[in-house]
Protein chains: 2
Amino acid sequence: MAKATANSETPVTSQPRMPTDRMPTIRDIAELAGVATSTVSRALSRPDRVNPRTRQRIEELAAQLNYVPSSQARGLSSGRTNAVAVLVPDITNPFYFDIIRGTQHQLKAAGVTQLLVDTEESNEMELEALHKMRRSADGFILAASRLTDAQLAEVSGTQPLVTINRASASAPTVVIDTPSAIIQALEHLSSLGHHRVCYVSGPPTSWSNQARWKVFEEDSSKRGMETHRIGPFVPKTTSGAAAADAAVRTGATACIVFNDLLAIGMLQRLRERGMRVPEDMSIVGSDDIFGADFCNPPLTTIASPIEQAGRVAVSMLLSQLNPTPGRSSRKLAIMPTHLTIRASTGPAPD
Amino acid sequence: MAKATANSETPVTSQPRMPTDRMPTIRDIAELAGVATSTVSRALSRPDRVNPRTRQRIEELAAQLNYVPSSQARGLSSGRTNAVAVLVPDITNPFYFDIIRGTQHQLKAAGVTQLLVDTEESNEMELEALHKMRRSADGFILAASRLTDAQLAEVSGTQPLVTINRASASAPTVVIDTPSAIIQALEHLSSLGHHRVCYVSGPPTSWSNQARWKVFEEDSSKRGMETHRIGPFVPKTTSGAAAADAAVRTGATACIVFNDLLAIGMLQRLRERGMRVPEDMSIVGSDDIFGADFCNPPLTTIASPIEQAGRVAVSMLLSQLNPTPGRSSRKLAIMPTHLTIRASTGPAPD
DNA sequence: CAACTTTTGGCAACCGCTTGCCGCAATGTT
DNA sequence: AACATTGCGGCAAGCGGTTGCCAAAAGTTG
């Protein structure tokens, strides 16, 4: 004769409850609902493959159990991770923060997880991340990639990716059209009477740095201006001092600077040296980052829709990942820019 | 009799090569090495469980095939994801940039993936993220959580988490000790002859806002100062205008502001209104974010080791996830702060 | 009412890796 | 020489889902 009770037994309650220690799985739901796990799976992901009544029952149960599918398990069988990695050269730089903000926003909207990676301006780290994360991300967004053309081509052959501010024949790209705005900036300086201008360059490996210089050189000489170039400088405020000193030395009366960070650093140094901006020297930055409007003096800069660039990059990547049969996805997006004039530019001295 | 050849067959080559279309798995390596998959698995993750020679062979093969383990599969069987989610209320805010930078840094060092989530200052979004990501993260870092005490307690019962700038009895916490620095700031203002001071408050749901106000009120009245409080304001530069106007109206000669963002906004507005800082009004910010040193005038502020707070939070979380038998992990870290005096504070008017 | 089509749900084989358990061989112990 | 240890590697059962294939059930049609 069996003992009537055992403490380990719990009477069946009307409200189904899972063991609190373990996360509910598809199987728990299946048992409770009296169906197979496959049915639960389908009810949850391909709703029309299952009878509305069964489905509802399953959905209720799932909600009751607080069920959350394991993205790991799901990824394992489906082969997708539902995550996108965003690689930036310097997480410290406000410019990239705007990019991150943009990608984050758009990825979230698409229900995709963002994996953020700081490659520390290093070609090697970038490659390594690209390699190591192959399995954990469905695609990559490379902001201002430091990869060589060959590397980029190779990688983009293997895995979906889109670049930001790095033209490439092999991968879809979104570029911020700062170069064209440089013409506007030169026009602006020219109209203020400047004849000696200087380009303050950033990282030599930066594609956009090269692009900007090229346009600068062409257009300034076309205008008959005396053209200088200094650098390269690390694009941080701390390099601004060296840049400012070098700029002064060229005798130029106006500078167009690789980015706002550097420009702001220059502003500080120039003030220290007792030079007035814009009376003695005009400064044009680039990117219109956070801070460009409240530094002293507020910075005239080439305003870029940075955040939007991030969003567009995500769209391009996603449409590459889930191709719509008819439409082929876009390969290039050019984000327009414009000159935002603040107080750091003024008439040329004397 | 079997056909002698079939096109699908490839002669065995001396150099092992995998089908280019599929990612190499542990199984491919096992086959090539003539061992069982379990051996490969062990060779790669528990090196001393396997003969050095076998291990080396496997490692070479792995390198040759460019093998990268699938974190998904690994997580599925091990039950861990090797990822940590970092929840911030506003990815736009430089303060959180610094936190993110800190966590990112430390997580990367530990080989853990960072999942970044913007909860948009919303209690609900925060809860939802916490819920949805239960399965995809091993732990959570909540920066300036907007959760109620009850919610926080409940969540922290279920999953490992550490909060930043949000005291909690239930979860490990790292707080930045801005409140105590408020005393320094008041001392500073007092020594400059200010008698009428105003606290410009931030989000009412922010724990640190409450903490700051409490100290401000106590200490300023202890000093016999006339104490004002305005707000709450959304902690963005754009709210600075309203804050500045309200502050002027109180008749206070100095403000301590919830954060630098708001303070910078106030600086701008005061200038617009023709008020001089610090001659007519002194401003003390909080956090020493990017930009506090180059705004106009440079902001006196309560400097916080924000990035370090992020790093410490990660350490605390990780030691919670991989507990060292002997040592119990720390439950509270208080980050010291200090007053950084720049140009936005000066002697009280007349 | 039989023959046929469409739903609906179950079975079972994965996805790639981990791990408890076991067996075999080599080494160490009396 | 017989026996106990230890080191190394294999077997196989998962982890939590997805999905192709099939069969039962339900709905259609002449």
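The values are calculated or read from the model by the stated rules, or taken from the named source; none is laboratory data. Since the model is a prediction, treat every value here as computed from it, not as a measurement. For neighbour counting, all protein chains shown are included, and Cβ atoms are generated from backbone atoms with ideal geometry for every residue, glycine included. Keep in mind that these areas ignore ligands, DNA and RNA; they rest on the heavy atoms of the full protein, side chains included. Shrake-Rupley method; radii C 1.70, N 1.55, O 1.52, S 1.80 Å.
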Residues of the stretch A:77-97 satisfying the condition of being free of Cβ contacts under 8 Å to residues at least 40 places away in the same chain and within 16 Å of DNA strand D (Cβ to nearest atom): A:SER77, A:SER78, A:GLY79
Residue, farthest from B:ALA313 (Cα to Cα), within the stretch B:333-350, restricted to residues that are part of a strand (DSSP E or B) and among the hydrophobic types (A, V, I, L, M, F, W, C): B:LEU339
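Only one of A:THR173, A:THR227 is of a type in the set (S, T, N, Q), at pLDDT 95 or above and under 30 Å from A:ARG342 (Cα atoms). Can you tell me which?
Working: A:THR173 fails: under 30 Å from A:ARG342 (Cα atoms).
Step by step, each of A:THR173, A:THR227 is checked, and only A:THR227 is of a type in the set (S, T, N, Q), at pLDDT 95 or above and under 30 Å from A:ARG342 (Cα atoms).
Return yes or no: is A:SER70 farther than 12 Å from A:THR25 by Cα, within 11 Å of DNA strand D (Cβ to nearest atom), among the hydroxyl-bearing types (Ser, Thr, Tyr) and under 34 Å from the mean Cα position of the chain (by Cα)?
Values: farther than 12 Å from A:THR25 by Cα: no; within 11 Å of DNA strand D (Cβ to nearest atom): yes; among the hydroxyl-bearing types (Ser, Thr, Tyr): yes; under 34 Å from the mean Cα position of the chain (by Cα): yes.
Judged against the criteria, A:SER70 is not a match.
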Whichever residue in the stretch B:109-128 is under 25 Å from A:THR92 (Cβ atoms) and touching a strand residue (DSSP E or B) at 6+ places or on another chain (Cβ under 7 Å) and, among such residues, is most open to solvent (accessible area, probe 1.4 Å): B:THR113
Odd one out for B:ALA33 among (1) open to solvent by less than 50 Å² (accessible area, probe 1.4 Å); (2) near DNA strand D (Cβ under 10 Å from one of its atoms); (3) modelled with pLDDT under 90: (3)
Boolean, B:ALA73 is more than 11 Å from DNA strand C (Cβ to nearest atom), among the small types (Gly, Ala, Ser), surrounded by fewer than 20 Cβ atoms within 10 Å (Cβ to Cβ) and within 29 Å of A:ARG22 (Cβ to Cβ): no
Residue that is outside any helix (DSSP H, G or I), over 24 Å from the mean Cα position of the chain (by Cα) and under 23 Å from B:ILE341 (Cα atoms), where the choices are B:ALA243, B:ALA252: B:ALA252
Cβ-Cβ under 6 Å pairs, at least 6 apart or on other chains, the stretch B:20-45 side near DNA strand C (Cβ under 6 Å from one of its atoms), far side modelled with pLDDT under 90: B:ARG42/B:ARG49
Residue match in the stretch A:267-284 (condition: under 32 Å from the mean Cα position of the chain (by Cα), within 21 Å of A:LYS214 (Cα to Cα), away from chain B (no Cβ under 14 Å) and open to solvent by 10 Å² or more (accessible area, probe 1.4 Å)): no
Matching residues, the stretch A:46-66, being touching a helix residue (DSSP H, G or I) at 6+ places or on another chain (Cβ under 8 Å) and either open to solvent by 60 Å² or more (accessible area, probe 1.4 Å) or within 8 Å of DNA strand C (Cβ to nearest atom) (or both): A:ARG49, A:VAL50, A:THR54, A:ARG55, A:ARG57, A:GLU59, A:ASN66
Residues located in the stretch B:41-64, provided they are of a type in the set (A, V, I, L, M, F, W, C) and either in contact with a Cys (Cβ under 7 Å, 6 or more places away or on another chain) or farther than 22 Å from A:GLY79 by Cα (or both): B:ALA43, B:LEU44, B:VAL50, B:ILE58, B:LEU61, B:ALA63
Pair list, Cβ < 7 Å and 6+ apart or interchain, from the stretch B:161-172 residues that are over 22 Å from B:ALA83 (Cβ atoms) to residues that are assigned to a strand (DSSP E or B) and among the small types (Gly, Ala, Ser): B:ASN165/B:ALA143
Complete set of residues in the stretch B:261-315 that are among the β-branched types (Val, Ile, Thr) and assigned to a helix (DSSP H, G or I): B:ILE264, B:ILE306, B:VAL312, B:VAL314
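For the condition on the phi < 0 side of the Ramachandran plot and at pLDDT 95 or above, what is the one hit in A:VAL88, A:VAL68? Break it down stepwise before answering.
Numbers: A:VAL68 fails: at pLDDT 95 or above.
Answer to the check: A:VAL88.
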